[in-house]
Amino acid sequence: MSSKRVERFAPSPTGLLHLGHGFSALTAADGADRFLLRIEDIDRARCRPAYVTALFEDLAWLGLTWETPVLRQSERRAAYDAAVARLTELGLTYPCTCTRGDIKAALSAPQEGAPLHGPDGLIYPGTCRHAGRDAEGAAIRLDMARAVAITGPLQFKELDNPDGPNGTVTVTPDHMIREIGDIVLARRDIGTSYHIAVTVDDAEQGITHVTRGQDLFTATPIHRLLQVLLGLPEPIYRHHRLIRDDQGKRLAKRDDARALRAYREAGMTPAAVIRLMAP
Ligand code: GLU
């Protein structure tokens, strides 16, 4: 039985696409039977329609084509709410009213040997876990210890990680609790989160291979966990190398000198820009 390889590129329209985004999109599209685009615009305050238009133009200029209609996360709130509601039914969530300042203060006397930062920043010390807060206006967090008590160790298949683990990657419950912790599933300001949206939409779009930058490798155990808890299919992962600037720093959206558009306006051809992505 031949199975189709379905890939996606999922930019957030918070700035112009740079070389690194171009590389990511081309890597995902290369060898895909179906290539999908997804606009990750859950954070409306940071996203701009003009950047959506610009990214369509820039990707087309690079020679990419994708299926339409393009999924926009800003239209998918009901599906994200349903996923969080399911986790709540399973007894795996709690409302949290802590501000970043509260979390910092609670962590000011860290336990010896406990890591301070996880993939989402400071690892939540659990202040609201048993506080019985009202969900109204609160963030919703995942109770990681309860979640991994259901899933046990997690596994995913990694095909392309340049200097990390490859093959079958196993993540222990202890890692999930200590190094990731009680992540936010629904932010107070936007009502959802990257982790929920990406997991629900990779399933909705039937993505078989998730190709993205190595910077997201540490988020993958979270996505795998949510897939298991929500009964969603398991994609294969490829976390490709990052394109860095001359100082070795990875490119950021504000790095406009390396925006695909800047090269194009300077008269470079797509082929010449693609050559800049070589290691
Ligand atoms: N929207 C994310 C970003 O622009 C990528 C999400 C993903 O590929 O999982 O960094």
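Taking only the alpha-carbon positions of the stretch 160-279 and ignoring solvent, what does the Debye formula give for the base-10 log of I(q)/I(0) at q = 0.13, 0.14 Å⁻¹? Log-scaled intensity ratios, in q order: -0.71, -0.80.
Prolate is the label for the stretch 1-58, because the ratio a/c of its alpha-carbon gyration tensor axes (a ≥ b ≥ c) is 1.5 or higher and a/b is greater than b/c.
Each part reduced to its alpha carbon centroid, the stretch 187-262 and the stretch 63-137 end up 16 Å apart. Restricting attention to the chain, close to 55% of DSSP beta bridges with both partner residues there are antiparallel. Our helix-only sum for the chain, with -39,500 (n - 2.57) per DSSP H run of n ≥ 4 divided by its residues, gives a mean residue ellipticity at 222 nm of -9000 deg cm²/dmol. Return the single residue from 136, 158, 234 with maximal mean-square fluctuation; model: Gaussian network over the chain, springs between Cα atoms under 10 Å. Judging by the Gaussian network model, the answer is 136.
I need the calculated FRET efficiency for the pair residue 244 and residue 82, taking r as the beta carbon distance and R₀ as 51 Å, to the nearest 0.05. For residue 244 and residue 82, the calculated efficiency is 0.85.
Computed about the Cα centre, the dipole magnitude for the chain is approximately 280 debye when only Lys and Arg (+1) and Asp and Glu (-1) carry charge, each at its Cβ. Annotation: Cα Rg of the stretch 1-158 relative to the compact-globule expectation 2.2 N^0.38 Å equals 1.32.
By the rule of a second cysteine Cβ within less than 4.7 angstrom, the chain holds isolated cysteines at 47, 98. So what is the orientation-averaged projected area of the chain, using the convex hull of its C-alpha atoms, in nm²? Over every viewing direction, the Cα hull of the chain projects on average to 16.2 nm².
Once R0 is set to 30 Å, what does the formula 1/(1 + (r/R0)^6) return for the Cβ-Cβ distance between residue 114 and residue 216, expressed as a FRET efficiency to the nearest 0.05? Kindly include the intermediate steps, with their values, before the conclusion.
Numbers: r = 24 Å, r/R0 = 0.79.
Calculated value: 0.80.
Relative to a virtual label point 7 Å from the Cα of residue 277 in the Cα→beta-carbon direction, which members of the stretch 50-70 show backbone nitrogen distances below 18 Å? Answer for this model: 54-67.
Shape of the stretch 87-170 from its Cα gyration tensor (a ≥ b ≥ c, root eigenvalues): rounded if a/c is under 1.5, otherwise prolate when a/b > b/c, or oblate? Walk me through the intermediate numbers first.
On the way: a/c = 2.41, a/b = 1.46, b/c = 1.64.
Here the stretch 87-170 falls in the oblate category.
Is the shape of the stretch 75-222 rounded, prolate or oblate, going by the alpha carbon gyration tensor and its root eigenvalues a ≥ b ≥ c, with a/c under 1.5 for rounded and a/b larger than b/c for prolate? It comes out oblate by the Cα gyration axes.
Coordinate-derived values only; no laboratory data. Treat the numbers as computed from the prediction; the structure is a model and nothing was measured. All Cβ positions, glycine included, derive from the backbone under ideal geometry; neighbour counts span all protein chains shown.
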